Amino acid sequence: MVNLTNNLLHFDFLYDQPVAGVDEVGRGPLAGPVVAAAVIMDTNNIPNGINDSKKLSKKNRLKIADEIKKNSIYSIAEASVKEIDEINILQASLLAMKRAIEGLSKKPMTVLVDGKFKPKTNLPTHSIIKGDTQSISIAASSIIAKVYRDDLMKDFSKKYPEYLWEKNAGYGTKEHLLAIKKCGITPIHRKSFKPIHNILN
């Protein structure tokens, strides 16, 4: 039986079921794609400890991500660095979200999206400010999107170890910026983002 005392789960039940929660990760980094996930939870199999991915330890995030993937219908999608530079980061984020929704093997009745903006979809869609702290399915999507993107940046780091992406996930840390000044930019860097754009011009 679903425990509706859980606030995050209760929020999702305010909408027509099944609900798909959608979130993106990677809007701020200087390198790498932006990643979105869409999740339809099995409301009878909710992993313990689901929360906004930023509030979870790395160990818990990995464990919960595995449980979400075992017990949910989910889809993960990207918008590339090239697309980010061509259409801007907001539009690329919405494109990744749209792709994630379209990748679901089951059609949701309602889509809940984290943030102010909604991707283009024919499904009933609601934008939820700080949705990853309110909706269980948005929180779940934030967790699997972050784990996926962190793994992706670790893989990129094997090819470009100087930038420490396995630690900073492409964000503009002091070490990352120093590496850019020393080694230049890579094809994985976002040329439209200010520090990179300034270096190129």
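Just to check, using Stokes-Einstein with a Kirkwood Rh over alpha carbon pairs, what's the diffusion coefficient of the range 66-160 at 4 °C and 1.567 mPa s in µm²/s? List each step's numbers first, then the result.
Numbers: Rh = 14.3 Å.
Stokes-Einstein gives a translational diffusion coefficient of 91 µm²/s.
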Discussion item. Over the Cα atoms of the chain, what radius of gyration and what Dmax do you get, in Å?
Written reply: 17.3, 60
Worksheet item: Taking all protein chains as present, what is the carbon and sulfur share of the accessible area of the chain, in % to the nearest whole number, probe 1.4 Å?
Response: 53
Worksheet item: Residue by residue through the range 192-201, which ³J(HN,Hα) values in whole Hz follow from phi under the Karplus form 6.51 cos²θ - 1.76 cosθ + 1.60 (θ = phi - 60°), with glycine and proline marked x?
Response: 7, 7, 3, x, 6, 4, 5, 5, 6, 10
Worksheet item: Normalised by the number of residues in the range 1-122, what is the relative contact order in percent for Cα pairs under 8 Å and 6+ residues apart?
Response: 35
Item to complete: Mind running the shape call on the range 103-148? Use the C-alpha gyration tensor, a ≥ b ≥ c as the square roots of the eigenvalues: rounded below 1.5 for a/c, prolate if a/b tops b/c, oblate otherwise.
Response: oblate
Practice prompt. Determine the relative contact order of the range 98-201: mean sequence separation of Cα pairs under 8 Å and six or more apart, normalised by residue count, in whole percent.
Written response: 13
Worksheet entry | Rounded to 5, the percent of DSSP beta bridges in the chain classed as antiparallel | 65
Discussion item. What are the extents of the Cα atoms of the range 145-201 along their three principal axes, in Å, largest first?
Written reply: 33, 20, 19
Practice prompt. Hey, can you find the accessible area per residue of the range 58-201 for me, probe 1.4 Å, expressed in square angstrom?
Written response: 54
Worksheet item: Of 178, 72, 142, which is farthest on the positive side of the dipole of the chain, counting Cα position, with +1 on Lys and Arg Cβ, -1 on Asp and Glu Cβ, and the Cα centre as origin?
Response: 178
Discussion item. Report, in listed order, any pair from 98/158; 130/167; 158/191; 59/154; 116/182; 55/174 with a Cα-Cα distance greater than 27 Å.
Written reply: 98/158; 116/182
Worksheet entry | Shape parameters for the range 1-66, alpha-carbon atoms, Rg then Dmax in Å | 13.8, 45
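Which peptide among 28-39, 135-146 comes first, and what is the full order, when sorted by highest mean count of other Cβ atoms within 10 Å?
Numbers: 28-39: 26.3, 135-146: 30.1.
Result, highest mean Cβ count within 10 Å first: 135-146, 28-39.
The values are calculated or read from the model by the stated rules, or taken from the named source; none is laboratory data. This is a predicted model, so every value here is computed, not measured. Neighbour counts run over all protein chains shown; Cβ positions are idealised from the backbone, glycine included. Remember, those area values only see protein heavy atoms, side chains included, never the ligands or the DNA or RNA. Shrake-Rupley method; radii C 1.70, N 1.55, O 1.52, S 1.80 Å.
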